[in-house]
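The values are calculated or read from the model by the stated rules, or taken from the named source; none is laboratory data. Computed from a predicted model, the values in this text were never measured in an experiment. In this analysis, Cβ positions are derived from the backbone assuming ideal geometry, glycine residues included, and neighbour counts consider all displayed protein chains. These area figures cover heavy atoms from the full protein model, side chains too; ligands, DNA and RNA do not enter into them. Shrake-Rupley method; radii C 1.70, N 1.55, O 1.52, S 1.80 Å.
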Amino acid sequence: MTNEPSEIARFSGKGVLITPKTLEKPLLRWEKLEIILYKDKIVFEFLDKKIEAKIEDIEDVGDELPKKVIDGAKCLLEDITFHSSIVIKSKEFGSIMIGFAPETSLYGKTPVDNFLRKLFCLLLNNKEVKILYDVKEENYENKTWENGHLKFIKERIKEEFVVKIEYKLVVEVLKNKEAKIYDIFSNIRDVEIEEKDVNGEIKLVLKIQQKKNGKSIISYLYTENRKVRLFLLRYMLLLLDCKYVGILRYLQETVE
């Protein structure tokens, strides 16, 4: 008996398959869609088709839906205010986009956000990065990059009489077998992409400015993986409410 892969998350709502061929149609129909997320793959189940992709074949999350698709949704859905998209590399169709949205606006953005949290956890957790934490610009060249990993850690949040467990993205650096945690994705005030020296080579890095204990601190984060950098920007934009912060203001145009 073969072991079935365990389901990590599921989104149930309406969706639309977007390819160069479907965009030629007069109207793109939104239809019932189930998105099932597993550890190693993602499955999209429409009424008459099923599409599977490996997690590593996900190319983008939250990219802009074509205007034609948004206009079609206004005719077929109760509301298109809360929606998102996933771009995958497919053997059958090439690079394709799947748009998805709740069936009713009564649900708000919660179904979309809950699914995206689980998806970003798979896309970002344990990815290798380098970090310079709390750097003064004049001391940049004297700082040494630390090797670390992106990690989602549990955080207890108390709201009135209820305690919730949420997962927070941090950078973990191991020093002498001791874990040092850098909480660089909270209280974000600015995000930019800059060219900086990373161990003797000029690379594109994220410059993140935060407000902590009443003062402004600046950190730099580098990843060799271009997709990981994109997913980090999307994560901050879509789930950390950083819509009008630095470079994320420009990404904002692609998700509304």
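Between N142 and K67, what's the calculated FRET efficiency when r is the beta-carbon distance and R0 is 35 Å? Round to 0.05. List each step's numbers first, then the result.
Details: r = 50 Å, r/R0 = 1.42.
My answer for the efficiency is 0.10.
Take every Cα pair under 8 Å in segment 162-256 that's 6+ residues apart, average their separations, divide by the length, and report that relative contact order as a whole percent. Before the final figure, lay out each step's value.
Values: 114 pairs, mean separation 18.8, N = 95.
With pairs under 8 Å counted, the relative contact order is 20 percent.
Once you've got the Cα coordinates, tell me which of K39/K212; K154/K196; K164/K207; K89/K196; K118/K243; K130/K158 are over 26 Å apart. Numbers along the way, then the final one.
Working: K39/K212 35 Å; K154/K196 32 Å; K164/K207 31 Å; K89/K196 31 Å; K118/K243 20 Å; K130/K158 32 Å.
Distance filter (> 26 Å) returns K39/K212; K154/K196; K164/K207; K89/K196; K130/K158.
Tell me the trypsin sites (Lys or Arg not before Pro) within segment 14-82 that lie in a loop according to DSSP and have at most 16 other beta-carbon atoms within 10 Å.
Loop-located and lightly packed - K21, R29, K39, K49.
Of C121, L150, N213, which is farthest on the positive side of the dipole of the chain, counting Cα position, with +1 on Lys and Arg Cβ, -1 on Asp and Glu Cβ, and the Cα centre as origin?
Working it through, the farthest residue towards the positive pole turns out to be N213.
Can you compute the modelled spin-label distance between K25 and D241, with each label point 7 Å from Cα toward Cβ, in nm?
Modelled inter-label distance: 3.8 nm.
Per the 1.4 Å probe, what fraction of the accessible area of the chain, in percent, lies on carbon and sulfur atoms? Mind dumping the intermediate values first?
Numbers: 7020 of 14830 Å².
The computed percentage sits at 47.
How many nm is it between the label spots at N126 and S12, if each spot is 7 Å from the Cα in line with the beta carbon?
Computed distance between label sites N126 and S12 equals 3.1 nm.
Between R249 and E195, what's the calculated FRET efficiency when r is the beta-carbon distance and R0 is 22 Å? Round to 0.05.
Numbers: r = 20 Å, r/R0 = 0.92.
Between R249 and E195 the formula returns 0.65.
Just in segment 83-126: which trypsin sites (Lys or Arg not before Pro) are loop by DSSP and have at most 16 other Cβ atoms within 10 Å?
Filter output for segment 83-126: K91, K109.
Longest segment of the chain with no chymotrypsin sites (Phe, Trp or Tyr not before Pro) in a DSSP loop having at most 13 other Cβ atoms within 10 Å?
1-160
With an 8 Å Cα cut-off and a minimum separation of 6 or more residues, compute the relative contact order for the chain in percent.
The value is 15 percent.
Can you work out the PRE-style zone for V162? Point 7 Å along Cα to Cβ, and I want the residues of segment 89-112 with backbone N under 16 Å.
107-111
Starting from the Cα of K136, draw a straight line to each of the aspartates and glutamates and keep only those under 18 Å, dropping any in the same chain fewer than 8 residues away.
Counting by Cα, and skipping residues close in sequence, K136 has these aspartates and glutamates nearby: E146, D183, D190, E192, E194, E195, D197.
What does the charge dipole of the chain about its Cα centre add up to, to the nearest 20 debye, if the Cβ of each Lys and Arg holds +1 and the Cβ of each Asp and Glu holds -1?
Here the chain has a charge dipole of around 320 debye.
If R0 is 30 Å, what FRET efficiency do you get for K109 and K215 from their C-beta distance, rounded to 0.05?
Working from the Cβ atoms, E equals 0.40.
Work out which helices of the chain, taken as complete DSSP H runs, extend at least 15 Å along their axis over the Cα atoms and score a mean Kyte-Doolittle of -0.5 or more, then list them.
Values: long enough: 110-124 (21 Å, 0.91); 226-239 (19 Å, 0.93).
Those that clear 15 Å and a mean of -0.5 are 110-124, 226-239.
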